[in-house]
Structures are given as C-alpha cells and as structure tokens.
Amino acid sequence: MPIKLEKYALIAEIVGGFAIVLTLVILLLEVRGNTEAVQAATYRDVVESITATVQERGADAEVARVYYSGSAGEELSELDAKRFDALVVATIGL
C-alpha cells in the first residue's frame, strides 16, 4: 500500500510542477499584452496632447503670431517674450 501512495504523490508533484510552469507562461503572456496596451494608450495620449497644442496655436491669431515669431528668433516685446516663454513651457510640459 505505501508504494501506491508514493507513486500517487510523485504523479501529483509532477502534475503540480507542470501547472506552475503553465501558470507562469500564461502570466508572462498577460503581462506582455498588458504592457503593449499601456504603451499604445500612452502613445495615443501624447498624440492627442500634441494635436490639441497645435490646434491651440492656430486657433488664435495672436497666440500664433507670438509663438511663430518667437520660434523664428524674431525680436519680441517684453510682454510677447513672456507670452512666448509661457507657450514654450506649456509645450514642453506636454
């Protein structure tokens, strides 16, 4: 009787080992899939943010003038220079 019990215990241990390996493989695949989903969502958020910033620059003629004049290195008034700095900081802060 003890030999049968030992055989069953060995079989159970082998099955348990396979179950652990299978669980780890499934977990690896899930983590990889989740990572890809998070990266895609992050990319989408960055693109949406850049699009909103570009639309903001073009929607207001005064903002566009200050931003593009400052970007071109043109001389700006003190107020326009501060506006340009704020626009640059807002852009970098995306």
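Worth pointing out:
- Kyte-Doolittle mean at least 0.5, axial Cα span of 24 Å or more - DSSP H helices of the chain: 2-59
- For the chain, the residue among T42, A19, Q55 whose Cα projects farthest onto the positive side of the dipole built from Cβ charges is A19.
- Across the alpha-carbon set of the chain, the Rg to Rh ratio works out to 1.62, Rh being the Kirkwood radius.
- For the chain, the relative contact order works out to 19 percent when only alpha carbon pairs closer than 8 Å and six or more residues apart are counted.
Since every read-out is calculated from the coordinates, none of them should be taken as a lab result. Just so it is clear, the structure is predicted and the values come from calculations on it, not from any experiment. Methodologically, a virtual Cβ is constructed for each residue, glycine included, from the backbone with ideal geometry; neighbour enumeration extends over all protein chains shown.
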